[in-house]
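Q: Questions regarding the structure given below will be posed in turn.
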Amino acid sequence: MKFIVALLLLTAVEARANSCAAETRKFCAGVEPGRGQLARCLSDYQDSLSPKCAAELKAYKQDTGKKNPCFEDLAEFCSDLPSDPANFEYCLLRNESRLSPRCATDFKAKKGKILVKNVCAQDVASLCYADVSGPEGAVPKCLIRNRLKLSGYCQKNVDRRTAELRKKNPCFDDTMKNCQSAVKFVEIQDCLSKKVATIAPACRKLVDNENLKMKANPCYRDLITHCRPGISPREQDECLTLNDEHLSKTCRQFRVVEKEKVESMVKLCESDRLKLCKDAPFKDGAVVKCLRTKKAQVSPACQRLL
């Protein structure tokens, strides 16, 4: 929806001109630019603005209001939501009775399309709004918990998706039964691990496999928590580096040891690599695999490291 996506393009008034620089520093120093928050803050001090700043603010509102009649309502009611057009739709549905006349008129004309596109939008706004700001998966889980309260079309949609999830995930029923408050993967894994004696055999097998992976790799939990699935080892390393301050102590220590191993390998095995595996790519452990297949020809120092 253009009128919602436009919210993401809003910039600070100060970015358009310096007319409000002094007022911004004086009245809105702690306000982060974007989402119309700076304009909203300055509006609260309308009577204290200089004529130039007041004119600039008025022009900004008029210009932005033409593109997005709801921008001030979004700034007022939806500033705490993660940036996503669907989230803003939930917010406007939630606050429909409080919208400004101009926004209400514009939103009324678009509401039908929203509900056709997302048959559960009104149910999310009414029953699961608190979960919109939660982790991924919180809203679907809320809808499943509140199945009997959902509107007809939404209930059918949730039932269909539930059936699909049940086929794909052997732990679906056990999760809904035993771990309703858990949303993140690691939270669900920890919860099911404590209930492992009572869960279904197929689910138990999956949980046990995940626990084995966690024991084998001290950074596995951190990868699940901070990085997207299916990325290469190089991308995993980059992701963990970017999230270093949030990593577990065990993972950080493991990475230090691994870095020292790599440095030792470069020092002790580089001549062997150049002689025996110069064509092996520097990815997916190809160099180490190559050296191990030719271990008999590798120098004693590099052999011990391998």
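The values are calculated or read from the model by the stated rules, or taken from the named source; none is laboratory data. Values in this document were obtained by computation on a predicted structure and should not be read as measured data. Using ideal geometry, Cβ is built from the backbone for each residue, glycine included, and neighbour counts are taken over all protein chains shown.
Q: Any chance you could count how many residues in segment 218-237 are under 16 Å from the mean Cα position of the chain (by Cα), of a type in the set (D, E, K, R) and part of a helix (DSSP H, G or I)?
A: The total comes to 1.
Yes/no per residue for (1) farther than 30 Å from Asn178 by Cα; (2) in contact (Cβ under 8 Å) with a residue 24 or more places away in the chain:
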residue	(1), (2)
Ala202	no, yes
Thr250	no, yes
Lys275	yes, no
Asp279	yes, no
Val287	yes, no
Ser299	yes, yes
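Q: Output yes when any residue across segment 235-250 is small (Gly, Ala, Ser) and loosely packed, with under 12 Cβ neighbours inside 10 Å, and no when none is.
A: For segment 235-250, residues small (Gly, Ala, Ser) and loosely packed, with under 12 Cβ neighbours inside 10 Å: absent.
Q: Still on this model: Among the candidates Arg204, Arg228, which residue alone is closer than 19 Å to Cys251 by Cα and outside the structural domain of Glu136 (by TED's automatic domain parsing)?
A: Arg228
Q: Can you name the residue in segment 160-214 that is under 18 Å from Arg145 (Cα atoms) and of a type in the set (Gly, Ala, Ser) and is also modelled with the highest pLDDT among such residues?
A: If we take residues in segment 160-214 being under 18 Å from Arg145 (Cα atoms) and of a type in the set (Gly, Ala, Ser), then Ala163 is modelled with the highest pLDDT.
Q: Under 6 Å by Cβ, and 6 or more places apart or on different chains, what pairs join a residue from segment 168-188 that is surrounded by 15 or more Cβ atoms within 10 Å (Cβ to Cβ) with one that is among the hydroxyl-bearing types (Ser, Thr, Tyr)?
A: Sorted first by the residue in segment 168-188, then by its partner, the pairs are Val186/Thr225; Ile188/Thr175.
Q: Of all residues in segment 77-90, which are at pLDDT 85 or above and not in a loop (DSSP other than H, G, I, E, B)?
A: Phe77, Ala86, Asn87, Phe88, Glu89, Tyr90
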